[in-house]
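Notes for the one structure printed next.
The values are calculated or read from the model by the stated rules, or taken from the named source; none is laboratory data. Here the structure is a predicted model, which is why all the values come from computation and not from measurement. In this analysis, Cβ positions are derived from the backbone assuming ideal geometry, glycine residues included, and neighbour counts consider all displayed protein chains. For the accessible areas, the whole protein counts, side chains as well, though only heavy atoms, and no ligand, DNA or RNA atoms are used. Shrake-Rupley method; radii C 1.70, N 1.55, O 1.52, S 1.80 Å.
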Amino acid sequence: MSLFCGIGVCFACVSETGDRTCLPEAAEPGAAPGEPDVAVVGAGPAGLSAAVAAADAGADVTVVDMGAHPGGQYLRGQADAPLVRRATGHARVRFLSGHEVWRVTPEREIRAGRHTLRPGAVVLAPGAYDRVVPFPGWDLPGVVTAGGAQAHAKNSGVPVGQRVLVAGTGPFLLAVAATLAGVGADVVAVVEAARLSRWLRHPGAVLRSPGRVLEAGRYLSRRIPLWQGSAVTAVEPYGAALRATVDGHGTVDVDAVCVGHGFTPSVELALAFGCATRTDPRDGSLVVAVDDDQRTTVPGVLAAGEATGIGGAALAVAEGTIAGYAAAHHIGLIDDSTLARAVSPYQRRRAARRRFADALHAVYPAPAAALDDATTLCRCERVTAGRARADIHRYGIDDARALKLLTRVGMGRCQGRMCGRAALDLLEAETGRAQDPAGFANRTIAMPVPLGIVAEERNQTP
C-alpha cells in the first residue's frame, strides 16, 4: 500500500474493487445509466443524504461513486447503517458503483468511466482526501495515510502492519487507531500535535455535542497511549521495519506509520463545472462557494459535505439533505414554499454542526511544514524540496503552473493532491507572493483514466 491510498471520492481507495451484490439495481459495467433527474457524485454521508432527499421529493436519482459499496470512509463496511439502508432500499435511487467521475462540463454532462450522464441537476459530494505535512521519510514504503490505513483495515480486516504508529492531528486519528486495534494491530501510540486541553477554550461546543464527547470517550477507553503535543519528525528504514523519531519520546520501531493532518476538500469537479470557490479562513483550504440552500454559482449544480468545508459526517448529512431538496426544486418537483419547509430544520442543524466544526479547526490546526532540502516534496515525481527551491530561484518561478512545468511537482498520479498544499506553501515562502490554492486543483481530467476512454470520448464528439 502506498501513501496515495486514502485519496478519492468520499475517501475511497484508488483501486477499490469488490462484490456489488449488496446494491439493489446496481449498474454493472457497460450498463447504460440513463439520464436521471438528479445525479449525485459521491456515496458518503453527504451524497447518500442528498440522494434520499431528492428521491423523497420525487426525483429519479443516480449515485456515482468509485467505491464498490456505498458509505464513503465514514460508513465504509456498514451496510446496515440506517442511512445506507435507506438509500440502497429506495425505489428511486440507483447506484453506479466502482466508477470514477473523471470529467464534467458546465452543461452538466458527467463522464464516469465509459458512461455519460446528463441529469437535470447535480449534487457534488466528493468528500476530501488526507492532508499530510511532509517530513523526512514520509515517502518510504510503510508510511501510509491515516485514511488509507483505515480503509484497508475496513475492507480486508487486516492492518497495514502488526505494530503501528498513528500520527498527525485531529480526532480522526483516534478512530483510525481504534479500527486498527480492532483488526489485531498493536497500536504503539497516537501521536497528536495538539493538546486536548485546548478544548477548554470551547466549552460551548463541548456541552452542545454530548454525542461527540461520548464517541471520543469510547476511543480513549481502548487505552491506546496518546502522546499530546508531539509529532513524528522523521522516519527511516530499520531492517525490514521502520524507525520513527517522535519529539519528546525518542525513537519507536514499527511496521507502519499512519499519518494524517486533517483533510483537503475535493474541489476538482466543482472547478471543472465552473463553480466559484473561496478560501476557508479556518485552515486555508480551497472550498466550493454555496448559498444557504447549498447551490453553487452554476445553475443546477449543488455541493455538500467536505467539499464546502471540512466539518464531519453530521454536518455533511445536514448539508446533503438540503442539497437534495434544492436539486428537486431546481428541476421543478417542489415549489418555493415546500423547499423552505423541507430544509428549515436541516439549516438549523447545519448551523449547530458548523459551530462544532469551527471549534475542531481551532483545536487541531495543521502544523506548518519545515522542509529541509533533502525532504521529498513530490512523492510521485521524486522532487525534493531543495530542488524545488533551487529551480524557483534559478528560473524565477512565481506561480503553480510554472512550478509544475519546470519541476514536475504535482504532475504524477496524485496530481498534487498529496504535495500541492506543501508546494504552494514553499513557493509562497520563497517568493513572498500569495499563491492561488486552485493551482493544483484545476484539472480538465479530474481522475486518472485510461487513454482509451479519453479517445472514445473524442471520437464521439460531433
Quiz item: Quick one: how many residues across segment 63-94 are open to solvent by 80 Å² or more (accessible area, probe 1.4 Å) and small (Gly, Ala, Ser)?
Solution: 1
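Between Ala128, Ala57, Ala68, Ala81, which is of a type outside the set (Phe, Trp, Tyr) and closer than 28 Å to Arg382 by Cα? Before you say what the answer is, go through the steps one by one.
On the way: Ala57 fails: closer than 28 Å to Arg382 by Cα; Ala68 fails: closer than 28 Å to Arg382 by Cα; Ala81 fails: closer than 28 Å to Arg382 by Cα.
Going through Ala128, Ala57, Ala68, Ala81 in turn, the sole match is Ala128.
So for segment 80-94 (the condition being assigned to a strand (DSSP E or B) and over 19 Å from the mean Cα position of the chain (by Cα)), does at least one residue qualify?
yes
Could we say that Gly311 is of a type in the set (Gly, Ala, Ser), free of Cβ contacts under 8 Å to residues at least 12 places away in the same chain and in a loop (DSSP other than H, G, I, E, B) here? I'd like the intermediate steps shown before the answer.
Details: of a type in the set (Gly, Ala, Ser): yes; free of Cβ contacts under 8 Å to residues at least 12 places away in the same chain: no; in a loop (DSSP other than H, G, I, E, B): yes.
When the stated conditions are applied, Gly311 does not pass them.
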Exercise. Quick one: which residue in Ala256, Ala289 is over 16 Å from the mean Cα position of the chain (by Cα) and free of Cβ contacts under 8 Å to residues at least 60 places away in the same chain?
Key: Ala289
Practice problem: May I ask you to list the residues in segment 23-47 that are modelled with pLDDT of 95 or more and either surrounded by fewer than 20 Cβ atoms within 10 Å (Cβ to Cβ) or in a helix (DSSP H, G or I) (or both)? | Solution: Pro45, Ala46, Gly47
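So, in segment 207-225, exactly how many residues are part of a helix (DSSP H, G or I) and open to solvent by 60 Å² or more (accessible area, probe 1.4 Å)?
Let us first name the residues in segment 207-225 that are part of a helix (DSSP H, G or I), namely 207, 210-220.
After this cut, where a residue has to be open to solvent by 60 Å² or more (accessible area, probe 1.4 Å) as well, the list is 207, 210, 212-214, 218-220.
Total satisfying the criteria: 8.
Can you find even one residue in segment 406-419 that is outside any loop (DSSP other than H, G, I, E, B) and touching an Asp or Glu at 6+ places or on another chain (Cβ under 6 Å)? Write out each step before concluding.
As a first pass, look at segment 406-419 and keep what is outside any loop (DSSP other than H, G, I, E, B): 406-407.
Among the residues that remain, those that are also touching an Asp or Glu at 6+ places or on another chain (Cβ under 6 Å) are: 406-407.
Yes, that holds for at least one residue.
Got a number for residues in segment 285-308 being part of a strand (DSSP E or B) and farther than 25 Å from Pro365 by Cβ?
Our first condition is that a residue be part of a strand (DSSP E or B); within segment 285-308, this holds for 286-288, 295, 301-303.
If we keep only those that are farther than 25 Å from Pro365 by Cβ as well, we get 295, 301-302.
Looking only at that region, the number is 3.
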Exercise. Could you figure out which of (1) farther than 26 Å from Asp130 by Cα; (2) at pLDDT below 85 isn't true of Gly77?
Key: (1)
Practice problem: Hey, can you tell me all the residues within segment 131-155 that are open to solvent by 10 Å² or more (accessible area, probe 1.4 Å) and in contact with a Phe, Trp or Tyr (Cβ under 8 Å, 6 or more places away or on another chain)? | Solution: Arg131
Quiz item: Mind checking which residues of segment 323-356 are in contact (Cβ under 8 Å) with a residue 40 or more places away in the chain, surrounded by 19 or more Cβ atoms within 10 Å (Cβ to Cβ) and closer than 28 Å to Val206 by Cβ?
Solution: Val343, Arg353, Phe356
Self-check item: Candidate set from segment 103-118 (those that are in a strand (DSSP E or B) and among the charged types (D, E, K, R)); member that is least open to solvent (accessible area, probe 1.4 Å)
Solution: Arg111
Quiz item: Of the conditions (1) without any contact (Cβ under 8 Å) to a residue 12 or more places away in the chain; (2) over 27 Å from Arg350 (Cα atoms); (3) not aliphatic (A, V, I, L, M), Glu192 fails just one. Which one is it?
Solution: (1)
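The rows are residues; the columns are (1) touching a Pro at 6+ places or on another chain (Cβ under 6 Å); (2) within 24 Å of Asp247 (Cβ to Cβ); (3) at pLDDT below 95.
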{"residue": "Gln162", "(1), (2), (3)": "no, no, no"}
{"residue": "Ala189", "(1), (2), (3)": "yes, yes, no"}
{"residue": "Glu192", "(1), (2), (3)": "no, yes, no"}
{"residue": "Ala205", "(1), (2), (3)": "no, no, yes"}
{"residue": "Pro210", "(1), (2), (3)": "no, no, yes"}
{"residue": "Val213", "(1), (2), (3)": "no, no, yes"}
Practice problem: Those residues that are open to solvent by less than 60 Å² (accessible area, probe 1.4 Å) and on the phi > 0 side of the Ramachandran plot, I need them from segment 388-411; list them, please. | Solution: Gly396, Gly410
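Yes/no per residue for (1) of a type in the set (Ser, Thr, Tyr); (2) farther than 30 Å from Leu242 by Cα; (3) at pLDDT 95 or above:
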site: Ala53; (1), (2), (3): no, yes, yes
site: Gly58; (1), (2), (3): no, yes, yes
site: Val63; (1), (2), (3): no, yes, yes
site: Ala68; (1), (2), (3): no, yes, no
site: Gly71; (1), (2), (3): no, yes, no
site: Thr88; (1), (2), (3): yes, yes, yes
site: Val93; (1), (2), (3): no, yes, yes
site: Arg111; (1), (2), (3): no, yes, no
site: Thr116; (1), (2), (3): yes, yes, no
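Look through segment 226-246, keep the residues that are outside any strand (DSSP E or B), modelled with pLDDT of 95 or more and not hydroxyl-bearing (Ser, Thr, Tyr), and return whichever of them is farthest from Ala369 (Cα to Cα).
First pass over segment 226-246, keeping only residues outside any strand (DSSP E or B): 229-231, 239-240.
Filter again for modelled with pLDDT of 95 or more, leaving 229-231.
In the following step, the residues that additionally are not hydroxyl-bearing (Ser, Thr, Tyr) were identified as 229, 231.
Numbers: Gly229: 16, Ala231: 12 Å.
My answer is Gly229.
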Quiz item: Under 9 Å by Cβ, and 6 or more places apart or on different chains, what pairs join a residue from segment 422-439 that is open to solvent by 30 Å² or more (accessible area, probe 1.4 Å) and of a type in the set (Asp, Glu) with one that is modelled with pLDDT of 95 or more and assigned to a helix (DSSP H, G or I)?
Solution: Glu430/Ala388; Glu430/Arg389; Glu430/Ile392; Glu430/His393
Quiz item: Mind checking which residues of segment 85-104 are of a type outside the set (S, T, N, Q) and within 30 Å of Arg443 (Cβ to Cβ)?
Solution: Ala87, Val93, Arg94, Phe95, Leu96, Gly98, His99, Glu100, Val101, Trp102, Arg103, Val104
Self-check item: segment 357-387, residues that are open to solvent by 60 Å² or more (accessible area, probe 1.4 Å) and part of a helix (DSSP H, G or I)
Solution: Asp358, Arg387
